[in-house]
Amino acid sequence: MRPDAHTLKDVQVVAFGTQKKESVVSSITSIRPGDLKTSSSDLTTSFAGRIPGMVAWQTGGMPGAMTESEMNTKFYVRGITSFQSGANTDPLILIDGVESTKLDLARLTVEDIETFNVMKDASATAMYGARGANGVILVTTKKGEEGTVYTSVRYEAIMSEPTKEIDVVNPIDYMRYYDQAQLDDNTSATPKYSQERIAMTASGKYPSWAYPANDWYSTLFKKRNINHHVGVNIRGGSKIMQYYVSLNYNHDSGMLKTDKLNQFDVNINTNQLSFRTNLTIDLKPGMRLLLCSATNWDKYHGPLASVQEAYSYVFQASPVDFAPTYPADDTYNWPHIRFGVPTGSSTVRDNPYAYIHSGYQERNRYSTSNRIEYIYNLSRLIKGLEFRANVSLVKTGYYSTPYKLTPNLYSLNDYDTQTGKFSLTPTNQSDANRTLTMGDKSSYGSTQLTYEARLYHTAAWGDHQTSLTAVANAEQKSDNQADEVLNAMEHRNMGLSMRGTYGFKDRYFVEASFGYNGSERFAKKNKMGFFPAVGAAYVLSKEKFMKPLEKIIPILKFRYSWGKVGNDGIIDEPRFVYLEQVNQRGSYDPRPGVGLANTKGYKIKFYANPDIKWEINEQNNLGIETKLFNGLFDIQMDFYKQMRRNILDYRRVVPANVGLEYYQLANVGEVSAHGFDFSGKIQKAFTPDFWVILNTTFTYSRAKYKSLEEASDKPEWQRQVGHDISQQIGYIAEGLFHDQAEIDNAPTQSGNVRPGDIRYRDINGDGKIDINDAVHIGYPTTPRVIYGFNGNINYKQFEFLFAFQGSGQRSFFIDPDAISPFWGDQAMLQAIADDHWSTDNMNSHAFWPRLSLRSITYHNAEENRSANSSVTTYSTYFMRSCRFLRCTSLEFAYNLPSKLLRKMGAKTLRIYVRANNPFLISNFKLWDVELGSNGFNYPIQRTYSAGFNFSF
């Protein structure tokens with residue numbers, strides 16, 4: 001990668017076409033595909049900190065996502081600006097002009113990408129109308145080129161391991177702390193673990209299954225695994241036809257261990273194969289045919305049990321009450337695995353090792369996207385006129401087959417320390433079954449068909465330039481997942497879009513565009529939506545009075561845009577918001593002796609509302625672009641403000657005597673958002689063999705409630721208007737009670753409160769702590785701030801690349817019930833052992849309150865997040881800041897000299913080693929802080945890889 005020499009004469013990809021960069025009035029970010037390079041099989045894991053305006057974060061590291069909900073990354077263009085949980089908040093993704101899923105984007109390889117652009121404001125997305133409210137990601141893949149055949153081969157071997165393992169106390173300390181907690185609860189209790197038991201376990205003289213001291217994490221999971229990625233692409237063509245073909249294969253595995261005696265592998269193994277063919281055919285002068293075809297096939301083998309649950313079960317199983325497996329005794333000595341459980345238990349989930357060996361599943365997914373486009377240059381009729389028409393077909397399918405069995409469970413009946421004799425007791429003998437049986441298969445498929453026609457005209461005379469684009473499109477989608485007639489109907493959208501531009505002296509530019517779209521989701525009077533946008537740009541650096549400064553400020557450009565874009569994905573269900581839906585149900589018959597027998601009644605599922613309209617996002621954007629000191633510095637800044645109206649929500653202020661069975665949906669919500677995007681580049685070539693490139697990005701995005709309907713009896717301090725849409729309601733914790741006298745003088749709290757429990761603030765001063773004392777606390781649970789910086793240092797044949805990414809102004813909440821030690825035999829985190837309230841450590845802000853065998857919610861009911869059905873509450877005691885700086889990539893590469901390459905008959909050979917996520921800087925130490933509250937999820941992965949790129 002060498003320093004570029006981009007100028008305003010460069011071409012910028014825009015909606016349905018391209019423009020000279022100097023004439024663009026919209027906020028569009030172009031990313032060099034190589035900057036998204038990662039050792040992950042998921043392209044989206046590299047978005048955070050690399051794309052200004054993109055709010056993204058990782059939620060886990062499990063390989064082989066087969067559905068969008070299983071993906072390890074969440075990403076949004078300029079954040080989330082709708083509070084309707086069922087609304088579509090994802091950006092529109094177009095790959096070679098075809099609407100695609102997030103999974104299809106994740107499957108892309110960097111080597112196949114020609115351009116990657118993110119459209120962020122209304123001027124950029126207005127022509128997409130109903131689909132543009134959440135931004136647009138526009139990707140074009142490589143096409144063929146006339147000339148000799150160019151072949152590129154790549155291979156990468158990757159070692160993967162968790163970025164952070166959760167530390168728990170060792171089994172000996174677990175028993176000691178358990179006894180301490182038991183005595184704290186009841187001073188007259190007999191400790192569960194005697195000193196003799198603890199000493200015998202610690203001695204190491206006895207079999208580990210007789211006196212268990214389990215490290216469940218090491219029992220279930222490997223330290224690391226090895227993955228392999230390989231790809232080949234071929235590019236070339238003649239004057240008549242040019243082609244680009246690529247084939248990519250990824251093999252990724254998980255970290256689960258399989259018992260040697262088990263008859264099937266329980267670890268995750270995924271195989272991903274993608275094939276792409278792009279053909280450009282010159283039919284005759286001025287007439288071309290473009291064919292783009294891409295197919296992805298994923299095959300997944302993994303445990304029947306949820307892998308995410310397996311991680312959480314590691315911390316929910318006792319480390320000392322039973323062994324993962326037992327050897328054969330004199331009675332149960334036939335060949336099989338004897339999984340351990342506590343005495344009296346017949347539940348497989350009590351033993352996480354048995355749980356992951358209870359079956360496996362085979363899953364397959366395919367996705368194929370095919371597009372044919374006809375291009376006809378009509379300059380013979382009207383100079384500068386071009387016509388395009390295309391049809392695309394996308395089909396996806398998913399198939400899953402589970403295979404299950406019931407493991408044999410045993411508890412240890414007795415063990416003679418003198419003779420070593422022991423006996424086992426089967427706990428599920430009647431249910432155990434070692435024979436695999438096939439479970440219920442599941443499958444679904446979808447089809448998307450899109451038609452599009454486009455006219456494009458450009459003209460230039462003297463100091464004037466104009467362009468006009470007109471697009472008509474229609475789309476229909478169907479799938480077989482529906483469980484009701486209305487949901488099974490095809491989804492249909494259609495639209496007409498236009499854009500006109502005018503430029504004067506390559507200095508002044510104006511643009512106007514609109515999208516006129518129709519959606520079936522609304523009543524007839526609201527089916528069509530009109531979404532206009534206007535913009536202007538001024539290249540100040542081209543003024544004559546700026547000529548003396550052209551070496552200092554060679555480029556200085558200002559631009560402004562305003563527009564409205566729409567969203568018809570206002571809610572998942574009901575699909576047709578203007579239709580009433582009625583369900584049949586069993587009903588009580590009041591006649592004596594009849595009751596529910598054979599009586600049918602009806603209930604309202606959704607009330608009709610024919611007045612529901614499109615969700616509208618009105619946007620203003622001010623942008624500045626500049627280059628300084630002959631291109632040494634390259635800066636782009638955007639300031640924006642958005643107002644999203646007509647957000648769908650329930651009418652909550654309804655008199656009880658109206659008699660509604662459910663709240664009615666209506667366009668009652670508004671959200672205001674504002675933010676700032678920044679990208680900067682420093683590039684300098686010191687000699688032809690030594691150059692440096694440094695990039696930085698910064699994204700700030702904040703969305704607040706502007707208007708919504710709330711319950712009239714809600715306290716003023718709980719009303720959401722003016723607060724962030726993902727900010728939580730909770731109690732303010734003032735620390736831990738020091739003694740009984742403090743409890744007696746404090747407001748009344750729920751639960752069995754004792755010294756060492758949490759004290760909460762009485763907001764309304766009524767002398768008791770209840771839901772009315774909850775207030776808005778912390779930052780939103782989605783980050784306001786995302787930033788990153790990366791660099792490339794080249795010296796002769798050597799390259800060093802690095803990348804960092806950070807996040808800020810995001811809060812998350814540890815689930816205290818999930819980490820309560822001893823409750824349900826849960827493990828004790830080392831952090832709790834190191835810092836909990838006790839008579840020896842009366843720190844009022846210790847990490848954990850006093851120890852108890854009960855869940856913390858028994859003593860502090862305010863921490864029970866399911867206790868109140870109207871609002872989920874949290875507290876500041878377990879609130880943490882998700883603020884961190886992560887090194888996302890370190891890479892060292894060597895390029896073979898040209899002399900050696902010529903002898904080999906090759907063009908390039910690049911050999912590299914790379915580390916992804918090698919380290920993280922954060923004050924939070926329990927787990928990888930980017931996971932937020934999902935600390936027991938499959939961990940984010942750190943990878944070390946070695947590979948090569950070879951072309952000839």
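The values are calculated or read from the model by the stated rules, or taken from the named source; none is laboratory data. Everything quoted here is computed from the prediction, not taken from an experiment. Note that each Cβ is placed from the backbone with ideal geometry, even for glycine, and that neighbours are counted across all protein chains shown. Areas reflect the complete protein model, heavy atoms only, side chains present, ligands, DNA and RNA absent. Shrake-Rupley method; radii C 1.70, N 1.55, O 1.52, S 1.80 Å.
Details
- Near pairs, Cβ below 6 angstrom, 6+ apart or cross-chain, from the stretch 932-944 (more than 25 Å from GLN728 (Cα to Cα)) to any residue that is in a strand (DSSP E or B) and among the acidic types (Asp, Glu): ARG942/GLU161
- Considered as a group, the residues in the stretch 764-776 that are over 25 Å from TRP837 (Cα atoms) and hydrophobic (A, V, I, L, M, F, W, C) include one that is most open to solvent (accessible area, probe 1.4 Å), and that residue is ILE771.
- Taking residues in the stretch 738-752 that are more than 25 Å from ASP840 (Cβ to Cβ), and partners anywhere that are part of a strand (DSSP E or B) and open to solvent by 90 Å² or more (accessible area, probe 1.4 Å), the pairs with Cβ atoms closer than 8 Å and at least 6 places apart or on different chains are PRO747/LYS768; THR748/LYS768.
- Residue satisfying condition, being under 34 Å from the mean Cα position of the chain (by Cα), crowded, with 18+ Cβ neighbours inside 10 Å and not in a loop (DSSP other than H, G, I, E, B), within set GLY231, GLY144: GLY231
- Note on the stretch 521-551: residues that are acidic (Asp, Glu) and surrounded by 15 or more Cβ atoms within 10 Å (Cβ to Cβ) total 0.
- Options SER46, SER41, SER82; residue that is more than 13 Å from the chain's Cα centre (by Cα), modelled with pLDDT of 90 or more and of a type outside the set (Val, Ile, Thr): SER41
- Selection of first residues in the stretch 25-37 that are without any contact (Cβ under 8 Å) to a residue 40 or more places away in the chain and of second residues that are open to solvent by less than 20 Å² (accessible area, probe 1.4 Å) and aliphatic (A, V, I, L, M), restricted to Cβ pairs under 7 Å at least 6 apart or on distinct chains, gives an empty result.
- Whichever residue in the stretch 369-420 is touching a residue at least 60 places away in the same chain (Cβ under 8 Å) and among the basic types (Lys, Arg) and, among such residues, is surrounded by the most Cβ atoms within 10 Å (Cβ to Cβ): ARG371
- For the stretch 874-902, taking the residues that are of a type in the set (Phe, Trp, Tyr) and part of a strand (DSSP E or B), the one that is farthest from PRO783 (Cα to Cα) is identified as TYR894.
- From the list TYR700, TYR731, the lone residue that is touching a residue at least 12 places away in the same chain (Cβ under 8 Å), within 34 Å of the chain's Cα centre (by Cα) and open to solvent by less than 40 Å² (accessible area, probe 1.4 Å) is TYR731.
- Residues in the stretch 108-135 that are of a type in the set (Val, Ile, Thr), under 25 Å from ALA65 (Cα atoms) and crowded, with 24+ Cβ neighbours inside 10 Å: VAL118 only.
- Contact map, the stretch 562-574: first residue under 22 Å from ALA512 (Cβ atoms), second residue open to solvent by 30 Å² or more (accessible area, probe 1.4 Å) and assigned to a loop (DSSP other than H, G, I, E, B), Cβ cut-off under 7 Å, separation 6 or more or different chains; pairs are ASN567/ASN88.
- Residue check, ASP724 touching a Gly at 6+ places or on another chain (Cβ under 6 Å), over 30 Å from GLN797 (Cβ atoms) and surrounded by 14 or more Cβ atoms within 10 Å (Cβ to Cβ): no
Residues checked against (1) modelled with pLDDT of 90 or more; (2) over 30 Å from THR626 (Cα atoms):
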{"residue": "TYR663", "(1), (2)": "no, yes"}
{"residue": "GLU670", "(1), (2)": "yes, yes"}
{"residue": "PHE676", "(1), (2)": "yes, no"}
{"residue": "GLY680", "(1), (2)": "yes, no"}
{"residue": "GLN683", "(1), (2)": "yes, no"}
{"residue": "ASN695", "(1), (2)": "yes, no"}
{"residue": "PHE698", "(1), (2)": "yes, no"}
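- Close pairs (7 angstrom Cβ cut-off, 6 or more residues apart or separate chains): at pLDDT below 95 in the stretch 170-190, open to solvent by less than 30 Å² (accessible area, probe 1.4 Å) and among the basic types (Lys, Arg) anywhere: ASP184/ARG850
- Which numbered condition VAL245 fails, given (1) open to solvent by 50 Å² or more (accessible area, probe 1.4 Å); (2) more than 30 Å from GLY60 (Cα to Cα): (1)
- One residue stands out among those in the stretch 830-850 that are surrounded by fewer than 22 Cβ atoms within 10 Å (Cβ to Cβ) and hydrophobic (A, V, I, L, M, F, W, C): the one that is nearest to TYR779 (Cα to Cα), which is PHE847.
- From the list GLN749, GLN805, the one residue that fits, being crowded, with 20+ Cβ neighbours inside 10 Å and within 20 Å of the chain's Cα centre (by Cα), is GLN805.
- Residue list for the stretch 234-248, restricted to those being touching a residue at least 40 places away in the same chain (Cβ under 8 Å) and either assigned to a strand (DSSP E or B) or within 14 Å of ILE158 (Cα to Cα) (or both): ILE234, ARG235, GLY236, GLY237, MET241, GLN242, TYR243, TYR244, SER246, ASN248
- Pairs where the first residue, in the stretch 106-117, is at negative phi and the second is part of a helix (DSSP H, G or I) and among the hydrophobic types (A, V, I, L, M, F, W, C), C-beta under 6 Å, 6+ apart: ALA106/LEU43; LEU108/LEU43; VAL110/LEU36
- Meets criteria (touching a residue at least 12 places away in the same chain (Cβ under 8 Å), open to solvent by less than 40 Å² (accessible area, probe 1.4 Å) and in contact with a helix residue (DSSP H, G or I) (Cβ under 6 Å, 6 or more places away or on another chain)) for ILE356: yes
- So TYR779, is it of a type in the set (Ser, Thr, Tyr), crowded, with 20+ Cβ neighbours inside 10 Å and within 30 Å of PHE75 (Cα to Cα): yes
- Apart from one condition, SER881 fits all of (1) open to solvent by 10 Å² or more (accessible area, probe 1.4 Å); (2) under 25 Å from ASN937 (Cα atoms); (3) touching a helix residue (DSSP H, G or I) at 6+ places or on another chain (Cβ under 8 Å); the exception is (3).
- Residues in the stretch 197-206 that are without any contact (Cβ under 8 Å) to a residue 40 or more places away in the chain, surrounded by 13 or more Cβ atoms within 10 Å (Cβ to Cβ) and either within 16 Å of TYR311 (Cβ to Cβ) or not hydrophobic (A, V, I, L, M, F, W, C) (or both): ARG197 alone.
- Given (1) touching a Leu at 6+ places or on another chain (Cβ under 7 Å); (2) closer than 29 Å to GLU580 by Cα; (3) in a loop (DSSP other than H, G, I, E, B), number of the condition GLY669 does not satisfy: (3)
- Of all the criteria given as (1) crowded, with 19+ Cβ neighbours inside 10 Å; (2) in a loop (DSSP other than H, G, I, E, B), the one not satisfied by ASN617 is (2).
- Of all residues in the stretch 782-802, those satisfying the criterion of being open to solvent by 40 Å² or more (accessible area, probe 1.4 Å) and of a type outside the set (A, V, I, L, M, F, W, C) are TYR787, TYR795, LYS796, GLN797.
For every residue, the table says whether it meets (1) open to solvent by 20 Å² or more (accessible area, probe 1.4 Å); (2) at pLDDT below 90; (3) more than 29 Å from the chain's Cα centre (by Cα).
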| position | (1), (2), (3) |
| --- | --- |
| SER253 | no, no, no |
| LEU279 | yes, no, yes |
| ASP282 | yes, no, yes |
| SER293 | yes, no, no |
| ALA310 | no, yes, no |
| VAL341 | no, no, yes |
| ARG363 | no, no, no |
